[in-house]
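Heads up: the structure comes next, in structure tokens.
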Amino acid sequence: MNLIAWNPRSLESVIRLPTQLEGPIAPAGPATRLESARDGPDNPGMETNLAPPSRRWAVAIAAAAALLAPSTLLSAQEAAPPDDAKPADQVVAALIEAHNQERAREKLPPLRFAPLLEVAALAHARDMAGRDVMSHEGSDGSTASQRIVRSGYRFQAAGENVAQGYRDVPAVMRGWMDSPPHKKNVLGDFTEIGVARVEGKDGKPYWSAEFAKPMPKFDPAQAASGLFRRINAERDAAKLPKLVIDAKLARAAQDQAAGLALKKVKSPSFDGLDTRAYREVAMTAAVGQPDPDAVAKTLLDSPDHKAKLLGKFTKVGVGYAAAADDGQPFWIVLLGLPADR
């Protein structure tokens, strides 16, 4: 029996630093195997060849351009299951309940059943059973994160535990909980789960458990408003005048965020903004932060970005868009000092 745990992590800020972590293979007996894996922001410094990183970066620009770009809005649309969704399979239900019993012992909130995660788990369990191979890599070369996204699920953090040879729920849970990488996923900072068990031709069971924390869904205007309020709260705490929304900056910021989400542009710029109306303009941008609070923290933790947000500028425009394929959020903040000042 065997197990594998997967949970690569990545962080990029200004200079892109891909960091990922793969749990080691931890044998749990002569006929069982385990593996675990992760994807999210918590484990810097470890690298592996699994799963593309979830990108997080911040840039600051202080230059000008004068070409007008068309305005495009894009928001992430995650197919959310109903709150009362329950697994139909009794083994699946028992395995999820076993996970939540372990979490309850540690005073952690229970994991919700997510049908889309079950889709990913079942597809991978069938793939492993069909090949008689336990691995986080699918027969098509897919990673765990790619399979979760392929199912239609958009996440800010994800993990996967797989196992081979364990005959029932108590046995596989013991194997996972006795292995630190797998236990870390079971007790991790996730909110949803989907699991599956599939038998191979020889009757050998293959198990897959997908863990995730979904990417929040925002209306672009609501997301921009949230970040605007968060920035002004920081300025107020520093006893600085609050920034005022500028329609031109807001439109240009939204255009830039949408262009990045649509992959029409590779990096943010001042395209689309008539800079002649401003004595000075600046930009800060971030990718991958799930909500306004996380973006504000990323920017304010950087001296360069903080200096701009708390600087001499009086006008602001904020843009937000999420990529349709993977839910990756893009945030743009444009700052301006009007020419008539």
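Pull out a ≥ b ≥ c, the square roots of the eigenvalues of the alpha-carbon gyration tensor of the stretch 178-237, then state rounded if a/c is under 1.5, prolate if not and a/b is larger than b/c, and oblate in the remaining case.
In terms of gyration-tensor shape, oblate.
Each residue of the stretch 195-211 in turn: what ³J(HN,Hα) in whole Hz from Karplus with 6.51, -1.76, 1.60 and θ = phi - 60°, glycine and Pro shown as x?
Computed from phi, the couplings for the stretch 195-211 are 9, 7, 9, 9, 8, x, 4, 8, x, 6, x, 10, 10, 9, 10, 9, 10 Hz.
Could you give each residue of the stretch 97-111 its phi-based ³J(HN,Hα) in whole Hz, using Karplus coefficients 6.51, -1.76, 1.60 with θ = phi - 60°, and x for Gly or Pro?
Taking θ as phi minus 60°, the curve returns 4, 5, 4, 6, 5, 5, 5, 5, 4, 9, 6, 9, x, x, 8 Hz for the stretch 97-111.
Ranked from highest to lowest mean number of other Cβ atoms within 10 Å per residue, what is the order of the peptides 332-339, 208-215, 281-288? Spell out each step's value before the answer.
Working: 332-339: 22.8, 208-215: 27.4, 281-288: 24.4.
Order by mean packing, descending: 208-215, 281-288, 332-339.
Past 27 Å, Cα to Cα: identify those pairs from K213/K242; K213/K248; K239/K315; K263/K297, in the order given.
Pairs exceeding the cut-off: K213/K242; K213/K248.
According to the square roots a ≥ b ≥ c of the eigenvalues of the Cα gyration tensor, what is the shape class of the stretch 87-177, taking rounded for a/c under 1.5, prolate for a/b larger than b/c otherwise, and oblate for the remainder? Write out the running numbers ahead of the final one.
Values: a/c = 1.82, a/b = 1.28, b/c = 1.43.
Verdict is oblate for the stretch 87-177.
Using each residue's phi in the stretch 220-227, evaluate 6.51 cos²θ - 1.76 cosθ + 1.60 at θ = phi - 60° and report the 3J(HN,Hα) Karplus result to the nearest Hz, with x for Gly and Pro.
Per-residue couplings from phi come out as x, 5, 5, 5, 4, 5, x, 5 Hz.
Quick check on the stretch 224-341: take the gyration tensor over C-alpha atoms, sort the square-rooted eigenvalues as a ≥ b ≥ c, and tell me if it's rounded (a/c under 1.5), prolate or oblate.
Details: a/c = 2.06, a/b = 1.23, b/c = 1.68.
Taking the square roots of the gyration eigenvalues as a ≥ b ≥ c, the stretch 224-341 is oblate.
For K239 and Q90, compute 0.36 nm times the residue count separating them, minus their Cα-Cα distance, and round to one decimal in nm. Mind dumping the intermediate values first?
Working: separation 149, 0.36 × 149 = 53.64 nm, distance 5.86 nm.
Stretched out fully, the K239 to Q90 stretch lengthens by 47.8 nm.
No value in this document is a laboratory result; all are computed from the given coordinates. It should be emphasised that the depicted structure is a prediction, and the values quoted were computed from it without experimental measurement. For neighbour counting, all protein chains shown are included, and Cβ atoms are generated from backbone atoms with ideal geometry for every residue, glycine included.
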